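Working notes, structure below.
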């Protein structure tokens, strides 16, 4: 009986997260705070991965300060804010800063004996770098795990394109995809993020 109740509670929690994500998009919250609540210094503060307490969020949404528009309880009831809060609270934190090569001058880590990293460690560094470039520049449109969103899904793309083809598409985008090369992405960024995208299964 307890396990059934726990399963039902987990299902309800998952439903709230999905409903909250939908509301976050429908009400336009993502336009200022980012699809994953990451925020922007130009449009709005970060809301995730650790949102403010629910009661404080409800009070602020109904009576905001600064440039944020007012969302009355008729437009955004407290129950809907609770669902949005559940979505924001479900977003996992990013990797530690010291694990992201892009934020550490691209320096390879050293092993315990002071020697250069092994091939395995170097490969892991490429993967981490590619993932960090993806999170910062691609996830907002293609989904945190490549599941798609504003842009197409990238999961399984390696079955259709070689890594070199993915690099070309990043360098020479089509449609509404923004041009990211040569700025803010350099050649190594493009290479590593293409390898990361190719690895998505």
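Cβ contacts < 7 Å: first residue outside the structural domain of residue 68 (by TED's automatic domain parsing), restricted to the range 17-31; second residue part of a helix (DSSP H, G or I) and surrounded by fewer than 14 Cβ atoms within 10 Å (Cβ to Cβ), any location; separation 6+ or different chain. Result?
As it stands, the answer is none, since no pair meets every condition given.
Between 82, 22, 89, which is in contact with a helix residue (DSSP H, G or I) (Cβ under 7 Å, 6 or more places away or on another chain), modelled with pLDDT of 90 or more and within 25 Å of residue 150 (Cα to Cα)?
The match here is 82.
Within the range 43-74, can you find the residues that are over 21 Å from residue 140 (Cβ atoms) and in contact (Cβ under 8 Å) with a residue 40 or more places away in the chain?
Residue satisfying the conditions is 71 alone.
Being exposed (fewer than 14 other Cβ atoms within 10 Å of the Cβ) and either modelled with pLDDT under 90 or touching a helix residue (DSSP H, G or I) at 6+ places or on another chain (Cβ under 9 Å) (or both) narrows it down to one of 105, 63, so name that one.
Being exposed (fewer than 14 other Cβ atoms within 10 Å of the Cβ) and either modelled with pLDDT under 90 or touching a helix residue (DSSP H, G or I) at 6+ places or on another chain (Cβ under 9 Å) (or both) holds for just one of 105, 63, which is 105.
Residues of the range 157-185 being assigned to a loop (DSSP other than H, G, I, E, B) and surrounded by 11 or more Cβ atoms within 10 Å (Cβ to Cβ), which ones? Please lay out each step first, then the result.
At the first step, the residues of the range 157-185 found to be assigned to a loop (DSSP other than H, G, I, E, B) are 160-162, 172-185.
Listed by number, the residues that qualify are 161, 162, 173, 177, 179, 180, 181, 182, 185.
The values are calculated or read from the model by the stated rules, or taken from the named source; none is laboratory data. Since the structure is predicted, the reported quantities are computational estimates derived from the model, not experimental observations. Counting neighbours? That spans all protein chains shown, and the Cβs are built from the backbone with ideal geometry, glycine included.
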